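Reviewing the structure listed below.
The values are calculated or read from the model by the stated rules, or taken from the named source; none is laboratory data. Quick caveat, the model's predicted, so the values are computed rather than measured. Using ideal geometry, Cβ is built from the backbone for each residue, glycine included, and neighbour counts are taken over all protein chains shown.
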């Protein structure tokens, strides 16, 4: 059953990480014939090191390794609180910085404007949504960020006293790029995902996440949940750190699909994401995000993240933003959607599989305890450095 929940595509070249209790640390793995094969070596002891290789896809395809366990049993042990005596999946990222782009889709951009105008108060959102939509809803369809047309729309909104910092990054020349989470803090498939306990208005954000090396080369892609606290960020954009970066608030997985002849950047550009939220109360929410509707090309977002102006020696993971912004009511009329503890969030793409997590308060998720220093000590102890 757990294997079915992963929905991994056949023939995909996949790269990931598992926690191995026998070495008390993480290992780099790929999947062969339904089994997880540990390909960790001193030559490439981390995901970051693998992606630094010019021949990353070929390396993973041919690398010798140790068969650790079948994927089904490891997946079964990866949901909730794992049995620490058995292997389990962890996020397929290690030394990379976790970056994220916001406001890259018109529909979700409008919701950010609404949050700002409502000052994080869901009671005011419905009325503001109606006014904003009447002013700008249709005019943003197919609008290219930074274009002359976008500048004309910007001027019209200024004249209507409806200009917003979110519209600036949504249709202006510069993208919003922020640091989502510290290195090694992301959670993977099956783990609990965390909401700050002060939040009462929040939602999942299903996104494609690029795996980019230090040279700015896109080496693969995976799925991510950029957990969003609408009330916190809505109060002030300066609270973005509190809204985005909390214990277990960044989920990535299940595996990185490496670019090769069967999976290219054009596949990423056309990716379709499906979201399902299933509550313990029987509530079910369905949503979608389509990369074909993004306002900025992935290559543009990568170039705005790294280059002569900023380097990432160990590479970075880049969330590309989402079209999804839930507005349907869950309990109270005109208050929209918000999470409840125990919600199961599934983000799926035919080419990337399914990322599955259960929502808890950040204070109730397992504390983050394995950082960069611990990883270096572990790899050294295993003679991998």
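Below is a table of values for the structure above.
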item	result
Residues within region 216-233 that are under 28 Å from residue 8 (Cβ atoms) and either surrounded by fewer than 24 Cβ atoms within 10 Å (Cβ to Cβ) or free of Cβ contacts under 8 Å to residues at least 24 places away in the same chain (or both), tallied	4
Residue 337, sole failed condition from (1) surrounded by fewer than 22 Cβ atoms within 10 Å (Cβ to Cβ); (2) modelled with pLDDT of 95 or more	(2)
Residues of region 212-242 classified as under 11 Å from the mean Cα position of the chain (by Cα) and closer than 23 Å to residue 51 by Cα, total	6
Residue satisfying condition, being closer than 30 Å to residue 373 by Cβ and buried (at least 20 other Cβ atoms within 10 Å of the Cβ), within set 54, 83, 94, 22	94
Any chance residue 72 is in contact with a helix residue (DSSP H, G or I) (Cβ under 8 Å, 6 or more places away or on another chain), assigned by TED's automatic domain parsing to the domain that holds residue 254 and not in a strand (DSSP E or B)	yes
Test set (1) surrounded by fewer than 16 Cβ atoms within 10 Å (Cβ to Cβ); (2) under 25 Å from residue 368 (Cα atoms) - residue 43 fails condition number	(2)
Residues that are surrounded by fewer than 20 Cβ atoms within 10 Å (Cβ to Cβ) and more than 28 Å from residue 285 (Cα to Cα), drawn from region 313-334	313, 314
Of the criteria (1) under 23 Å from the mean Cα position of the chain (by Cα); (2) over 22 Å from residue 302 (Cβ atoms), which one residue 92 fails	(2)
Residue under evaluation residue 41, criteria (1) modelled with pLDDT under 95; (2) assigned to a loop (DSSP other than H, G, I, E, B), criterion not met	(1)
Identity of the residue in region 93-108, assigned to a loop (DSSP other than H, G, I, E, B) and more than 13 Å from residue 318 (Cα to Cα), that ends up modelled with the lowest pLDDT	105
In region 255-290, the residues that are assigned to a strand (DSSP E or B), over 17 Å from residue 227 (Cβ atoms) and in contact with a strand residue (DSSP E or B) (Cβ under 8 Å, 6 or more places away or on another chain)	255, 256, 257, 258, 263, 272, 274, 284, 286, 288, 290
